[in-house]
Amino acid sequence: MKILIQIAFVVVVILGIEANSFAQLTLNATASATIVQTLTFSKNYDLDFGNLATNGTAGSCTLTPMAGNNPTRTSLGGITLPAFHGTPRAASFTVTGVPGAFITISIPQTDLIITRVSGTETMKVNTFTTDQGAGSGPWTQQLNAVSGSATFYVGGTVNSIILGQPAGVYTNSTGFPVTVNYQ
């Protein structure tokens, strides 16, 4: 009987050791991080609606976001587009980053007030759009697969042009913010 108790004791000890050996398991996980090329962002041109004329009735002018010195402009109401059109141009930006990566472009959809230089008269610029699609954004663009760069254009609408709007250059020194980020 004594031997049977000793055998039972040895079995319990062995089973207890095996149970303890399975109670705790350890695995290792690695950590990693990828540093991507920082986006660089530059403005090539400001948004310029060019020369506008008013015939005495309120109106607006919309400039299409496209490349070139003479983008499409559409006038409404009492605004006319004189043959001497000035230098209309969509705002132009270039962004560079990881080749082939997608970026988002965000432009606030709030009014930008432009004021006559040496005056106090104002007009509103709003309804900003890009050549990357319609709507209020944000918009998506893919960077070139080789160079990692992309250029995009921003247009908008100048409005609140009223009867007797004084002649002159209207501007806003702070401008409107355009934000790009990796998608």
- Task: Enter the angle in degrees (range 0 to 90, nearest 10) between the Cα long axis of helix 2-21 and the first principal axis of the Cα atoms of the chain, meaning the one along which they spread out most.
- Result: 10 degrees
- Would you mind counting up the charge near ALA91? Only other residues with Cβ under 12 Å from its Cβ, with Lys and Arg at +1 and Asp and Glu at -1. -1
- Once the mean 1/r over all distinct Cα pairs of region 70-179 is inverted, what Kirkwood radius in angstroms do you read off? 15.9 Å
- Note on the structure: Quick calc, SER173 & VAL146: beta-carbon distance into FRET formula, R0 41 Å, rounding 0.05, result 0.65
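What is the extension gain from LEU76 to THR64, computed as 0.36 nm multiplied by their sequence separation minus the C-alpha to C-alpha distance, in nm to one decimal?
Full-extension gain reported as 2.9 nm.
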- Message: Could you tell me the calculated FRET efficiency between ASP111 and LYS43, based on Cβ-Cβ distance and R0 = 25 angstrom, to the nearest 0.05?
- Response: 0.75
- Message: Ratio of alpha-carbon Rg to the 2.2 N^0.38 Å globular estimate for region 54-111, to two decimals, please.
- Response: 1.56
- Query: Under the definition of Cα pairs under 8 Å and six or more residues apart, what whole-number percent is the relative contact order of region 39-182?
  - Reply: 32 percent
- Item | VAL98 versus HIS85: modelled label distance in nm, points set 7 Å from Cα along the beta carbon direction | 4.0 nm
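Since every read-out is calculated from the coordinates, none of them should be taken as a lab result. Fair warning: this is a prediction, and the values are worked out from it, not measured in the lab. Here the Cβ is made from the backbone with ideal geometry for all residues, glycine too, and neighbour counts use every protein chain on show.
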